[in-house]
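Q: Supplied in structure tokens, the structure appears directly below.
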Amino acid sequence: MKHPLHKIVSEIQKQERKFSAETSSVIDEAYQMTLYLQELLRTVKEDVIKEGFSDKNDEIHFFRQVKPNILGKLIYYNKVFRIETACPANNGNLYQSYFALQLKELKQEYTEYICNSDFYRYYRSGRIDRDEQYFMLGNINYYDGLNSFVFEIDPKFSTYFDYKVAKIIGNELIYNYLTTKINPEQNPDILLQNDETKDIFWTQSKNALIELIYALYAAGAIAHGKIGIRKISMVFQVLFRVSLNDIHNSFHRMKTRSGSRTLFIDQLKSSLEEYMDKEDSY
């Protein structure tokens, strides 16, 4: 198998970590990832058209798993770029309303075009009995009344349904991204609020939390460093009921601030040592 899924996913994650650390904004990160994924998809396409597949299982695996993971991320980052560059404000009610509208449109698209389809139920159920029909080249059935997008695809590099899977992956990523943009306090749907967690909230500054997130990321303290800043940020925003907006710009301002660049980490160290001394004195 020329394009094992784990290797493709690992390479994409490596680039995500690289651009997350190097770029100054979500827009820059999304743009760089879009270019990278376009080139990756082009390279993989050239290999597939030139060399083909070793057997039908290899072909099914590629169109059900490998290509959708590349294309799904490409759909996601391209959408993030478009959303961010059209955003009318950096914060406030207009900012919240804009992302709430984007989330509403995504849910509407999901309801109308995705979740009610036979293929969506097939894919979500984990079935494999029709994989040869859905994920092998040359099996497109136009009698099914497929979306007109089918006429634009390259039949040498698409079964049509690989795009459907990529769309599902991309939409899930976009949903997670949009929910982090909307004030968690106003969205119990994404917080899963209950009486046991309602008293957990962040009481330091937002910059302090951003500093902590980046410190944990830089140390590889979460998931062995294999997930990016945005996903870690999402977990903390949901957990602590705080909206961080564009953490990249905030972090880059920290790098150039006068005095200590790690104010909160320094404070944590001092507070912990003081607490240890207090414990020893008992």
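The values are calculated or read from the model by the stated rules, or taken from the named source; none is laboratory data. Quick caveat, the model's predicted, so the values are computed rather than measured. Using ideal geometry, Cβ is built from the backbone for each residue, glycine included, and neighbour counts are taken over all protein chains shown.
Q: I want to confirm something. Restricting to segment 149-164 and keeping residues that are among the β-branched types (V, I, T) and surrounded by fewer than 18 Cβ atoms within 10 Å (Cβ to Cβ), which single residue is modelled with the lowest pLDDT?
A: Per the stated criteria, the residue is V150.
Q: Of these, L35, L40, L74, which one is surrounded by fewer than 17 Cβ atoms within 10 Å (Cβ to Cβ) and part of a helix (DSSP H, G or I)? Quick ask: steps written out before the conclusion?
A: Numbers: L40 fails: surrounded by fewer than 17 Cβ atoms within 10 Å (Cβ to Cβ); L74 fails: surrounded by fewer than 17 Cβ atoms within 10 Å (Cβ to Cβ).
Result: L35 is the single residue among L35, L40, L74 that is surrounded by fewer than 17 Cβ atoms within 10 Å (Cβ to Cβ) and part of a helix (DSSP H, G or I).
Q: Further, regarding this structure: Inspect all residues belonging to segment 47-70 and state whether any of them is surrounded by fewer than 12 Cβ atoms within 10 Å (Cβ to Cβ), over 18 Å from D154 (Cβ atoms) and small (G, A, S).
A: yes
Q: Take the residues of segment 165-189 that are among the acidic types (D, E) and out of contact with any Lys or Arg (no Cβ under 6 Å at 6 or more places or on another chain): which is modelled with the lowest pLDDT?
A: D189
Q: Whether any residue in segment 127-135 is without any contact (Cβ under 8 Å) to a residue 40 or more places away in the chain, among the hydroxyl-bearing types (S, T, Y) and assigned by TED's automatic domain parsing to the domain that holds I174 is what I want to check. Full working, then the answer.
A: From segment 127-135, those without any contact (Cβ under 8 Å) to a residue 40 or more places away in the chain are 127-130, 133; that's our starting set.
Going one step further and asking which of them are among the hydroxyl-bearing types (S, T, Y), we end up with none.
No, there is no match, as no residue in segment 127-135 is without any contact (Cβ under 8 Å) to a residue 40 or more places away in the chain, among the hydroxyl-bearing types (S, T, Y) and assigned by TED's automatic domain parsing to the domain that holds I174.
Q: Right, next: State which residue is surrounded by the fewest Cβ atoms within 10 Å (Cβ to Cβ) when the search covers only segment 213-268 and only residues that are in a loop (DSSP other than H, G, I, E, B) and at pLDDT 85 or above. Write out each step before concluding.
A: At the first step, the residues of segment 213-268 found to be in a loop (DSSP other than H, G, I, E, B) are 219-222, 226-228, 241-246, 256-262.
With the extra rule that they be at pLDDT 85 or above, the set shrinks to 219-222, 260-262.
Numbers: A219: 9, G220: 11, A221: 11, I222: 14, S260: 11, R261: 12, T262: 14.
Per the criteria, the residue is A219.
Q: Just name the residue that is farthest from K73 (Cα to Cα) out of those in segment 10-29 that are of a type in the set (D, E, K, R) and surrounded by 18 or more Cβ atoms within 10 Å (Cβ to Cβ). Break it down stepwise before answering.
A: First, the residues of segment 10-29 that are of a type in the set (D, E, K, R): 11, 14, 16-18, 22, 28-29.
Narrowing the set further to residues that are surrounded by 18 or more Cβ atoms within 10 Å (Cβ to Cβ) leaves 16, 29.
Values: E16: 10, E29: 13 Å.
By that ranking, first place goes to E29.
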